[in-house]
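Below: the structure, in structure tokens.
The values are calculated or read from the model by the stated rules, or taken from the named source; none is laboratory data. Note that the structure is predicted; figures quoted are calculated from it, not measured. Using ideal geometry, Cβ is built from the backbone for each residue, glycine included, and neighbour counts are taken over all protein chains shown.
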Amino acid sequence: MRTIFEGKTTIWKEFARATGGRFVEGHSWHSDRTEIEHKDWLVVFDHYTLWSGKYNQQMTRVIAPLVSLDNFQFEIYRAGLARKIEKLFGGQDVAIGYPEFDKAFIIKANNELKIKSFLRNKNIRDSIALQKEVNILMSDQKGIWEEKLPKNHFELSFFLDGSVEDIALLKSLLDLFKEMIDELYQLQSIAPKA
């Protein structure tokens, strides 16, 4: 079946082969995707088009559906000019105690102690710092921009502008997700998949 993402399928087939994941063909408004099992969890890579009137923006998403045990939510993104202005006017920014990381990123969370514990993991900090573009969320929204999920259902997500076609970049995001999921489990924030 043809989709609006026609021609964007090769990367997800190739990525599935490179990671031992599963390629899933898209339909209508949903792009093809790669699904990768990590222990008890699933990590999904796809493309998404964000529509706003006449404007649209192609995005690459990484999403891991999770069951939350403590309602822990957070957001981590690079501290660009607009984000720094937001911070000047009182936007939340949790300092985690690693000056270089604190300077480079804006961190929002509903549990300051837990986000500090989460980011105490050097592998996570280093993997995040290696990414040119960073937009990480742990929220109760489906697919980042869609409807609210049922109670205790959350998604760990990462999005980038454009269609990422770089296998090495996608693999680095997979490694980051595995590390983040493992840390969330160690912190008793998420349950294993039923």
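A compact table of results
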read-out	value
Test result for Thr49, modelled with pLDDT of 95 or more, hydroxyl-bearing (Ser, Thr, Tyr) and in contact with a strand residue (DSSP E or B) (Cβ under 8 Å, 6 or more places away or on another chain)	no
Yes/no for Asp175 being over 24 Å from Gln57 (Cα atoms) and at pLDDT 95 or above	yes
Residue list for the stretch 2-19, filter: over 15 Å from Val164 (Cα atoms), β-branched (Val, Ile, Thr) and either part of a helix (DSSP H, G or I) or at pLDDT 50 or above (or both)	Thr19
Residues within the stretch 109-151 that are among the charged types (D, E, K, R), surrounded by fewer than 16 Cβ atoms within 10 Å (Cβ to Cβ) and not in a loop (DSSP other than H, G, I, E, B), tallied	4
Residue in the stretch 50-80 that is surrounded by the most Cβ atoms within 10 Å (Cβ to Cβ), counting only those that are within 25 Å of Leu130 (Cα to Cα) and more than 13 Å from the chain's Cα centre (by Cα)	Phe72
Residue satisfying all of: in the stretch 31-79; in a loop (DSSP other than H, G, I, E, B) and among the charged types (D, E, K, R); farthest from Ile11 (Cα to Cα) among these	Asp70
